[in-house]
Amino acid sequence: IKNKLEKYDLSSLKSLVSTSYALNPDTKKKLLNYTDVYECYGTSEVGCVTHLSPEDIKLHPNSVGRALDGADIKVVDGEILVKSPWKFREYYKMPDITKKSFESDYFKTGDLGEIIDGYLYYRGRKKEMIKTGGISVYPIDIERVLKEVEGIREVAVVGVEDEYFGEVVIAVVVGEVKKEELIKKASKLAPYQRPLFYDIVKELPKNSLVKIQKFKLKEKY
């Protein structure tokens, strides 16, 4: 980041706001050298419900913030549930799905997380959690480690079906990098977190919001 940003005049930049996906903790800290950085967590259905200030980033860099005034957040069986005055009314013409999406007044986000000392920690999508050999693995934890490899632009970790383990971990990477470098970096992870297969590709499948479509990777591999 440092070498790239120093090429530009950033004197007019007042602040940066990150949302929609948890920003890498190291990236947050590095960006603080140039401007104020804020992070928030939310969904289309409930709006923005947390806030992480520059001061919070220094103390809780892995968090996505504390609940905003008016929002109530809790974690049930690992899933983030939100009660918000900004929540949507319903999915259009889908009353059954709307009903299933709520537990009392709390919207079931489908996201995994933890609340520690009042701060929310995002752990990934519930449907993306990998169950390998009976152990739950969060792709985001693996992706953060692999992104430390120089030359990587993007990485997506998914679980694919396996007769013995149930699922195995694989990593699909975009960038100028060798598989040997990825394997070496993955040695920092617990044995059950380490991908058993790596593929280096030109691009990852994405939707109109530029979010990676991991279900397509699962289908492919």
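At-a-glance table
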| read-out | value |
| --- | --- |
| Rounded to whole Hz, the Karplus (6.51, -1.76, 1.60) HN-Hα couplings of the stretch 53-59, x for glycine and proline | 8, x, 5, 5, 4, 5, 9 |
| Leu112 long-range amide H proximity, modeled H, under 5 Å | Ile80, Arg123, Gly124, Arg125, Lys126 |
| Counting DSSP beta bridges with both ends in the stretch 93-150, the antiparallel % (nearest 5) | 100 |
| Heavy-atom accessible surface of the chain: percent carbon and sulfur, 1.4 Å | 50 |
| Top positive-direction residue, dipole computed over the stretch 27-175 with Cβ charges, set Gly118, Tyr34, Ile130 | Tyr34 |
| 28 Å Cα-Cα threshold exceeded, pairs from Lys28/Lys218; Lys131/Lys179; Lys30/Lys188; Lys29/Lys131; Lys178/Lys216; Lys100/Lys218 | Lys28/Lys218; Lys29/Lys131 |
| Calculated from backbone phi, Karplus (6.51, -1.76, 1.60) coupling profile of the stretch 181-188 in Hz, x at Gly/Pro | 5, 5, 4, 5, 5, 5, 5, 6 |
| Cα centroid separation - the stretch 162-187 against the stretch 1-79, whole Å | 28 |
| Value at 222 nm in deg cm²/dmol, rounded to 500, when DSSP H runs of n ≥ 4 in the chain each add -39,500 (n - 2.57) | -5000 deg cm²/dmol |
| Under 5 Å, built H, 5+ apart or other chain: amide partners of Asn62 | none |
| Relative contact order (%) - criterion: Cα under 8 Å, at least six apart; region: the stretch 73-193 | 18 |
| Cβ crowding within 10 Å averaged over residues, with 39-46, 51-58 ranked highest first | 39-46, 51-58 |
| Asn207-Lys7 FRET efficiency (beta carbon distance; Förster radius 30 Å; 0.05 resolution) | 0.45 |
| Accessible area expressed per residue, the chain, with surrounding protein chains retained (probe 1.4 Å, Å²) | 61 |
| Per-residue ³J(HN,Hα) for the stretch 97-107, Karplus 6.51 cos²θ - 1.76 cosθ + 1.60, θ = phi - 60°, Hz, x for Gly and Pro | 5, 4, 4, 5, 7, 10, 10, 6, 9, 9, 7 |
| Charge dipole (debye, nearest 20) of the stretch 94-221; +1 at Cβ of Lys and Arg, -1 at Cβ of Asp and Glu | 220 |
| The chain - charge dipole about Cα centre, Lys and Arg +1 at Cβ, Asp and Glu -1, debye rounded to 20 | 420 |
| For the chain: rounded, prolate or oblate by the Cα gyration tensor [a/c cutoff 1.5] | oblate |
| Computed over the chain: relative contact order in percent, which uses C-alpha pairs under 8 Å that are six or more apart | 11 |
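The values are calculated or read from the model by the stated rules, or taken from the named source; none is laboratory data. From a predicted model like this one, the values you see are computed outputs, not experimental measurements. Note: ideal-geometry Cβ built from the backbone for every residue, glycine included; neighbour counts use all protein chains shown. Side chains are part of the model used for accessible areas, which takes the heavy atoms of the whole protein and leaves out ligands, DNA and RNA. Shrake-Rupley method; radii C 1.70, N 1.55, O 1.52, S 1.80 Å.
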